[in-house]
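Q: Below you will find the structure I want to go over with you.
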Amino acid sequence: MSLLQKNTSEELERGRIDESLKLHRMLVSDEYHGKEYKDEKSGIVIEEFEDRDKFFAKPVFVSELDVECNVIVDGKELLSTPLKFHVEFSPEDYENEKRPEFGTTLRVLRLRLYHYFKDCEIYRDIIKNEGGEGARKFTISNGVKIYNHKDELLPLNIDDVQLCFLKIDTGNTIKCEFIL
């Protein structure tokens with residue numbers, strides 16, 4: 001890792017997890033991103049890259065994570081051993097982002113974990129035992145709490161921020177709670 005990337009990583013690690021991340025200089029400044037334009041004479045698309053320092057200052061997108069998940073019912077953990085999911089992200093997960101080079105957003109992870117859990121036999125068993133009440137309450141916004149590797153809760157208002165800005169790196173193990 002270059003010194004500049006290390007500086008950026010340390011800055012992000014020290015920072016607060018809040019809505020101000022949406023205004024991080026790397027997300028809003030075009031200095032950190034290449035540009036494409038069509039040369040009128042030749043008709044060739046020319047890609048102009050950002051300068052070397054800006055390129056190496058950018059954090060690296062998250063390609064895969066492990067997530068340990070527990071189920072919370074009436075404020076109590078239901079599972080003695082958490083569910084474990086291995087999540088991988090492909091370019092299709094972030095190709096429509098404004099800045100795709102930073103990878104996928106928290107929203108994509110939250111949605112994926114929601115569906116992983118809803119497809120589990122454990123979920124169906126819990127819902128059957130609860131008489132279906134938990135199924136009505138379990139939503140993406142109210143039922144999936146995600147924590148980074150420093151155990152900081154990642155709130156819904158930052159769901160459109162890429163994971164690399166939320167103290168999450170490739171290979172991390174993070175935590176999730178499914179609230180029923």
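Q: Determine which single condition Phe117 fails, assuming it passes every other condition in (1) more than 14 Å from Val87 (Cβ to Cβ); (2) touching a Leu at 6+ places or on another chain (Cβ under 8 Å).
A: Failing condition for Phe117: (1).
Q: Of everything in region 113-132, what is surrounded by fewer than 19 Cβ atoms within 10 Å (Cβ to Cβ) and within 19 Å of Asn157 (Cβ to Cβ)? Give them in sequence order.
A: Tyr114
Residues are listed down the side, and each one gets a yes or a no for (1) at negative phi; (2) in contact (Cβ under 8 Å) with a residue 40 or more places away in the chain; (3) among the aliphatic types (A, V, I, L, M):
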{"residue": "Leu78", "(1), (2), (3)": "yes, yes, yes"}
{"residue": "Glu92", "(1), (2), (3)": "yes, no, no"}
{"residue": "Glu95", "(1), (2), (3)": "yes, no, no"}
{"residue": "Ile122", "(1), (2), (3)": "yes, yes, yes"}
{"residue": "Glu130", "(1), (2), (3)": "yes, yes, no"}
{"residue": "Asp151", "(1), (2), (3)": "no, no, no"}
{"residue": "Asn172", "(1), (2), (3)": "yes, yes, no"}
{"residue": "Phe178", "(1), (2), (3)": "yes, yes, no"}
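Q: Tell me yes or no: at least one residue of region 112-122 is in contact with a helix residue (DSSP H, G or I) (Cβ under 8 Å, 6 or more places away or on another chain), modelled with pLDDT of 95 or more and aromatic (Phe, Trp, Tyr).
A: The answer is yes; a qualifying residue exists.
Q: Further question: Does region 92-109 hold any residues that are out of contact with any helix residue (DSSP H, G or I) (no Cβ under 8 Å at 6 or more places or on another chain) and part of a helix (DSSP H, G or I), and which are they?
A: Glu92, Glu101, Arg107
Q: Next question, about the same structure. Could you grab me the full set of residues in region 141-180 that are assigned to a helix (DSSP H, G or I) and buried (at least 17 other Cβ atoms within 10 Å of the Cβ)?
A: Scanning region 141-180 gives Gly143, Ile158, Leu163, Cys164, Phe165.
Q: Moving on to the next point. Does Phe138 fit the bill of being surrounded by 18 or more Cβ atoms within 10 Å (Cβ to Cβ) and over 13 Å from the mean Cα position of the chain (by Cα)?
A: The answer is yes for Phe138.
Q: Name the single residue that is surrounded by the fewest Cβ atoms within 10 Å (Cβ to Cβ) among those in region 102-111 being farther than 18 Å from Lys137 by Cα and in contact with a strand residue (DSSP E or B) (Cβ under 6 Å, 6 or more places away or on another chain).
A: Thr105
Q: I'd like the residue in region 65-101 that is surrounded by 14 or more Cβ atoms within 10 Å (Cβ to Cβ) and among the charged types (D, E, K, R) and, out of all such residues, is nearest to Tyr116 (Cα to Cα).
A: It comes out as Glu68.
The values are calculated or read from the model by the stated rules, or taken from the named source; none is laboratory data. Keep in mind the model is a prediction, meaning the values are calculated, not measured. Here Cβ is always computed from backbone atoms with ideal geometry, including for glycine, and neighbour counts include all displayed protein chains.
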